[in-house]
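S.K.: Got a structure here, written out as structure tokens. Questions coming.
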Amino acid sequence: MTARSKLVAANWKMNGNRADNERWLQQFRAQAPSCAVVVCPPYVYLSQVVQALAGTGCGIGAQNVSERPAGAWTGEVAAEMLVDCAVGWVIVGHSERRAFYNESNEVVARKAARAIEAGLRPIVCVGETLQEREQGRTQQVVAAQLEAVLQLCPAGQLLPGAIAYEPVWAIGTGRTASPEQAQEVHRAIRGQLAARDAEAAAAMRLLYGGSVKPANAAELFSQTDIDGGLIGGASLVAADFLAICAAAAH
Ligand code: PGA
């Protein structure tokens, strides 16, 4: 048995509009899942989601944050601004940010540190590409990504947040890591945390992400070290997201 309660986070990515969001939020409110939930819309819809989910206990997260404090950084959003807008969480180091916006392990670590400093809970994403997995480098790549973050943010400070293992080859591809493949990496992540801080390691939520769907969620979430999920595509359909939350609630 584990004391960690499950957490399911919706990563809408760059999707949505006010009308569709409203329909999603109405459906979501009508069912009120019994596991912890974080909804991460694009920046411009954060206030809409904050308002719609006020009083539900649901967390609201951004999908990115600047690694710098407020100042002359056109187009960026500071961690304090998110806090000011009642946003409690932020995804950092998503593989799409790493791959398409050149975010290095060091930049991701700085973003996580800024988030913590401002009082946000980071969801730190790690994961290997297909090529790295085929080269047998999965553990090495994931460990280096996590290590960079731990250099700036001790595990105890990361704790209110979560770490998401998202194999790049499983994101949006329909190809899910098997529960055993995911568990193997999750166990290694927890081991890496435990080497520094056993208590924080035992309490840290480790989420799996990559083509999680209502049909495969329960099996993934039943693994010892999988404490919930970061859901992309399937989070855009409220009924599917709610079904995934229900799988986490068991
Ligand atoms: P997916 O995305 O569920 O569409 O694979 C997950 C993610 O990128 O967070």
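Values quoted throughout were computed directly from the atomic coordinates according to the rules given, and no laboratory measurement underlies them. Values in this document were obtained by computation on a predicted structure and should not be read as measured data. When we count neighbours, we look across all protein chains shown, and the Cβ atoms used for this are built from the backbone with ideal geometry, even at glycine.
S.K.: Say a paramagnetic label sat at a point 7 Å from the Cα of Lys213, along Cα to Cβ; which residues of region 221-245 have their backbone N under 20 Å from it?
M.R.: Flagged as within label range: 221-223, 228-245.
S.K.: If you don't mind, another one. What does the charge dipole of region 162-250 about its Cα centre add up to, to the nearest 20 debye, if the Cβ of each Lys and Arg holds +1 and the Cβ of each Asp and Glu holds -1?
M.R.: On the way: 6 positive and 9 negative charges, 23 e Å.
In total the dipole reaches around 100 debye.
S.K.: Tell me which residues come under 5 Å, amide H to amide H, from Ala164 once H is placed; ignore anything under 5 positions away on its chain.
M.R.: Amide H to amide H, under 5 Å and 5 or more residues apart or across chains, Ala164 pairs with Val124, Cys125, Val126, Leu207.
S.K.: Also, I was wondering about something else. Checking the cross-link filter: which aspartates and glutamates have an alpha carbon closer than 12 Å to that of Lys6, excluding same-chain neighbours under 8 positions apart?
M.R.: Hits, sequence-local ones excluded: Asp225, Asp227.
S.K.: Starting from the Cα of Lys111, draw a straight line to each of the lysines and keep only those under 20 Å, dropping any in the same chain fewer than 8 residues away.
M.R.: Lys13
S.K.: Still on this structure, I have one more. To the nearest 20 debye, what is the magnitude of the charge dipole of region 37-154 about its Cα centre, counting +1 on the Cβ of each Lys and Arg and -1 on the Cβ of each Asp and Glu?
M.R.: With only Lys, Arg, Asp and Glu charged at Cβ, the dipole is about 100 debye.
S.K.: By how many nm would the segment from Ala19 to Ala3 grow when fully extended, if each residue of separation counts as 0.36 nm and the alpha-carbon distance is taken off?
M.R.: 1.9 nm
S.K.: Give the residue from Val168, Val212, Ala194 lying farthest towards the positive end of the charge dipole for region 166-246; charges sit on Cβ (+1 for Lys and Arg, -1 for Asp and Glu) and the dipole is referred to the Cα centre.
M.R.: Result: Val168.
S.K.: Tell me whether region 100-193 comes out rounded, prolate or oblate; compute the Cα gyration tensor, take square roots of the eigenvalues as a ≥ b ≥ c, and use a/c under 1.5 as the rounded threshold.
M.R.: prolate
S.K.: Distance between the C-alpha centers of region 8-58 and region 207-250? Whole Å please.
M.R.: 16 Å
S.K.: How high is the relative contact order of the chain? Use alpha-carbon pairs under 8 Å, at least six apart in sequence, and give a whole percent.
M.R.: So the answer I get is 22 percent.
S.K.: Using unit Cβ charges (K, R positive; D, E negative) and no other charged atoms, how large, in debye to the nearest 20, is the dipole of the chain about its Cα centre? Don't skip to the end; give the middle numbers.
M.R.: Working: 21 positive and 23 negative charges, 58 e Å.
About 280 debye.
S.K.: Which is farthest toward the positive dipole end of the chain among Gly57, Asn102, Ala72, measuring Cα position about the Cα centre, with Cβ charges +1 (Lys, Arg) and -1 (Asp, Glu)?
M.R.: Gly57
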